[in-house]
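The values are calculated or read from the model by the stated rules, or taken from the named source; none is laboratory data. If you're wondering where the values come from, they're calculated on a predicted model, not measured in any experiment. Don't worry about glycine lacking a Cβ; one is built from the backbone with ideal geometry, like all the others, and counts go over all protein chains shown. Areas reflect the complete protein model, heavy atoms only, side chains present, ligands, DNA and RNA absent. Shrake-Rupley method; radii C 1.70, N 1.55, O 1.52, S 1.80 Å.
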Amino acid sequence: KVRRGDLAPKDTGAWATISRWVMRRPVTVIIVTVTGLLIMAMPAFSAAFAEVDDRWLPASDPAAVASAFLRDEFAGSASDPYDVVLTSTPAASAIADYAVQLSELPGVVSVTTPTQVVVHGAVVSPNPESTGWLVDGQARLAVLADVAPRGTEGAALVGAIREVPAPAPALVGGAAAEAADSITAIRDVA
């Protein structure tokens, strides 16, 4: 105390009254407190995690308009492919079989391998730009899809791609995989 006076504790005042009331009704206080905390936490139970993309912009924004046009008028998203890297290069026939399986996944428009382009299980053309698809014993495949990469559908497609048996150890990357793995990491921490 700053000034001298009686240092004996007193059983009067607001805090003493509240604590006596709480001690006489502990179960009621616990139920009311937990119920209040659950009510305040309810918005967190329906939280949907996602990364920001052009859909968060105003509809009149030039980037949003261009992205919406590309998404609506062109099959697949060439700017955001689902990239698959085979960490060792198997035989060309094994890559082709793997590409056929990937191309048959729901939402997939095409799969480009080092040598060809596969659409819905059929080879439609040779790869027009065959350089840069094989590097240091690793092969790259580009999966184009009609599924928005940053969202629940994109995360589901990443999971489906990862479940297809690959002819060599496979890594799935690109914007969709980054978004899916980031959201998974956030959920794991939370």
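Given Cβ point charges of +1 (Lys, Arg) and -1 (Asp, Glu) and nothing else, what value in debye, to the nearest 20, does the dipole of the chain about its Cα centre take?
Magnitude of the dipole: close to 1960 debye.
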Along the charge dipole of the chain, Cβ charges K/R +1 and D/E -1, which of His120, Ala170, Ala142 sits furthest on the positive end? Ala170
Could you list which residues have their amide H under 5 Å from that of Gln116, counting only those 5 or more apart in sequence or on another chain, with H placed in the peptide plane? Asn127
Match the structure shown to one of the listed values (1) 16.2, 56; (2) 28.7, 95; (3) 17.9, 54 of Rg and Dmax of the Cα atoms in Å, computed from it, and give that label. (2)
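With a 1.4 Å probe and all protein chains left in place, how much of the accessible area of the chain comes from carbon and sulfur atoms, in whole percent?
63 percent
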Starting from the Cα of Glu129, step 7 Å toward the Cβ, then list every residue of the range 88-123 with an amide N under 15 Å from that point. 112-117
If one computes the Cα centroid of the range 19-38 and of the range 88-150, what distance in Å separates the two points? 61 Å
Whose amide H sits under 5 Å from the amide H of Glu104, counting only residues 5 or more places off or on another chain, with H placed in the peptide plane? Gly121
Most fluctuating residue given options Arg20, Arg150, Arg162, as computed from a GNM of the chain linking Cα atoms under 10 Å: Arg20
Compute the long axis of helix 175-189 from its Cα atoms, compare it with the longest principal axis of the Cα atoms of the chain, and write down the angle in degrees, 0 to 90, nearest 10. 30 degrees
For a quick check: with amide H placed at 1.01 Å from N, whose amide H comes under 5 Å from Gly173's, ignoring anything fewer than 5 positions away on the same chain? Asp83, Val84, Val85
For the chain, what is the mean residue ellipticity at 222 nm derived from helices alone (per DSSP H run of n ≥ 4: -39500 (n - 2.57); sum divided by total residues; nearest 500 deg cm²/dmol)? -14000 deg cm²/dmol
